[in-house]
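> Got a structure for you, questions after.
The values are calculated or read from the model by the stated rules, or taken from the named source; none is laboratory data. Being a predicted model, the structure only gives us computed values, none of them experimental. Methodologically, a virtual Cβ is constructed for each residue, glycine included, from the backbone with ideal geometry; neighbour enumeration extends over all protein chains shown.
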Amino acid sequence: MDISNLPKLLQLPLELRQQIYSYLCPPSPISNPIPTVGITCVSHRPPPISFLLSSHAINSEVQDYYHSLASWKLIASHAFNFYRIDPTLSNLASSRLLRRLQKVELVFWFDGSLLKSYPSLKQRTYCDEIKKRATRACEILATAKQLKVVQVSWVDTVTDTDVEEKLPVLESLSKLDKTVRFEIGCLEWSNAQASQEKDLFETKVRAHIDAVHLAAPS
C-alpha cells in the first residue's frame with residue numbers, strides 16, 4: 001500500500017498514533033453509556049465524533065484501539081428486575097456494541113438493604129435471580145467474537161449468611177469458553193472486614209471461579 005494516499009495521521013508511526021489516541025480516549029468512567037442497554041459503566045471516554053468522521057480508515061483504527069482499552073460493566077443483581085433496565089438483556093444481545101466488546105466486568109451484587117426492605121424475598125430466590133441474569137449475560141457474551149477478558153467482581157452487603165450459600169451464582173460463568181480469560185476484580189463482603197476473614201473470603205471466591213473456568217468448554 002502506498003502510505004502517501006493515507007491520511008497524514010496514519011502515516012505516523014503506530015506508537016505515536018496510539019499516544020494520540022490515548023489522549024483522545026482517556027480513562028474517565030461514564031455511567032450508562034448506552035441508556036437502553038444493560039451496561040452500567042464504561043471505563044474510558046470514547047473518541048470525539050468529529051474525529052471519527054474525519055476518515056473511514058482513522059475511524060476503523062481508533063475504534064479498534066478504543067475497544068482494546070475499554071472495559072464495559074454489567075451488574076448481575078436482583079435489583080434490575082425492579083428497575084427494569086434491559087431486564088432480559090435483549091437490547092445488549094442485538095446491540096452493535098456486542099461485535100466489538102473485548103473486555104467486560106461482570107459484577108455479582110448482593111444487596112443486603114434490598115433483602116431487608118423485602119422480607120418476603122428469600123435469599124435462595126434472590127440468588128437464583130442473580131444467577132439467572134448472570135447466566136443470560138454470559139450466554140450473550142459467548143457470542144461476542146472479539147471478547148478476550150471477563151473481569152469478575154463480587155460486592156456483597158448481605159451479612160447474615162455465609163458466602164458458600166451464594167457461590168453457586170458463579171456457575172453462570174461456565175457459559176463462556178476457555179478462550180476467554182478471567183480476571184479478578186473487586187471482591188468485597190461486609191462480613192469480611194478483618195484481614196484474615198477477607199483473605200478467606202477472597203480465596204473461596206477465587207477458587208470457585210477457577211473451578212468453573214476449568215470445567216468450561218474449550
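> Which of the residues that make up segment 146-199 are among the small types (Gly, Ala, Ser) and in contact with a Ser or Thr (Cβ under 8 Å, 6 or more places away or on another chain)? Give the steps one after another, and end with the answer.
Taking segment 146-199 as the starting set, the residues that turn out to be among the small types (Gly, Ala, Ser) are 153, 172, 174, 185, 190, 192, 194-195.
Residues satisfying the conditions are SER172, GLY185, SER190.
> Under the condition of being in contact with a helix residue (DSSP H, G or I) (Cβ under 8 Å, 6 or more places away or on another chain) and surrounded by 18 or more Cβ atoms within 10 Å (Cβ to Cβ), which residue from segment 31-42 is nearest to HIS67 (Cα to Cα)?
Restricting to residues being in contact with a helix residue (DSSP H, G or I) (Cβ under 8 Å, 6 or more places away or on another chain) and surrounded by 18 or more Cβ atoms within 10 Å (Cβ to Cβ), the top hit is ILE39.
> In the set SER22, SER43, which member is within 21 Å of ALA93 (Cα to Cα), out of contact with any Cys (no Cβ under 8 Å at 6 or more places or on another chain) and modelled with pLDDT of 95 or more? Give the derivation first.
Working: SER22 fails: within 21 Å of ALA93 (Cα to Cα).
Answer to the check: SER43.
> Collect the residues in segment 109-127 that are crowded, with 17+ Cβ neighbours inside 10 Å and not aliphatic (A, V, I, L, M), keeping them in residue-number order.
Narrowing segment 109-127 to residues crowded, with 17+ Cβ neighbours inside 10 Å: 109-111, 114-115, 126-127.
Within segment 109-127, TRP109, PHE110, ASP111, TYR126, CYS127 meet the criteria.
> Please go through segment 173-204 and pick out each residue that is more than 17 Å from the chain's Cα centre (by Cα), surrounded by 15 or more Cβ atoms within 10 Å (Cβ to Cβ) and under 15 Å from VAL155 (Cβ atoms).
The answer is TRP189, ASN191, ALA192, LYS198, PHE201, GLU202.
> Here are ILE34, ILE75: which of them is out of contact with any strand residue (DSSP E or B) (no Cβ under 6 Å at 6 or more places or on another chain) and closer than 30 Å to LYS166 by Cβ? Steps first, please.
On the way: ILE75 fails: out of contact with any strand residue (DSSP E or B) (no Cβ under 6 Å at 6 or more places or on another chain).
Result: ILE34 is the single residue among ILE34, ILE75 that is out of contact with any strand residue (DSSP E or B) (no Cβ under 6 Å at 6 or more places or on another chain) and closer than 30 Å to LYS166 by Cβ.
> Quick one: in segment 46-77, which of the residues that are of a type in the set (Phe, Trp, Tyr) and under 21 Å from LEU16 (Cβ atoms) is modelled with the lowest pLDDT? Break it down stepwise before answering.
Of the residues in segment 46-77, the ones of a type in the set (Phe, Trp, Tyr) are 51, 65-66, 72.
Still in the running and under 21 Å from LEU16 (Cβ atoms): 51, 65-66.
Working: PHE51: 94, TYR65: 97, TYR66: 98.
Here the residue is PHE51.
Yes/no per residue for (1) surrounded by fewer than 20 Cβ atoms within 10 Å (Cβ to Cβ); (2) within 14 Å of TRP109 (Cα to Cα); (3) among the aliphatic types (A, V, I, L, M):
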{"residue": "GLU129", "(1), (2), (3)": "yes, yes, no"}
{"residue": "GLU139", "(1), (2), (3)": "yes, no, no"}
{"residue": "LYS145", "(1), (2), (3)": "yes, no, no"}
{"residue": "VAL149", "(1), (2), (3)": "yes, no, yes"}
{"residue": "ASP156", "(1), (2), (3)": "no, yes, no"}
{"residue": "GLU164", "(1), (2), (3)": "yes, no, no"}
{"residue": "LEU167", "(1), (2), (3)": "yes, yes, yes"}
{"residue": "GLU171", "(1), (2), (3)": "yes, no, no"}
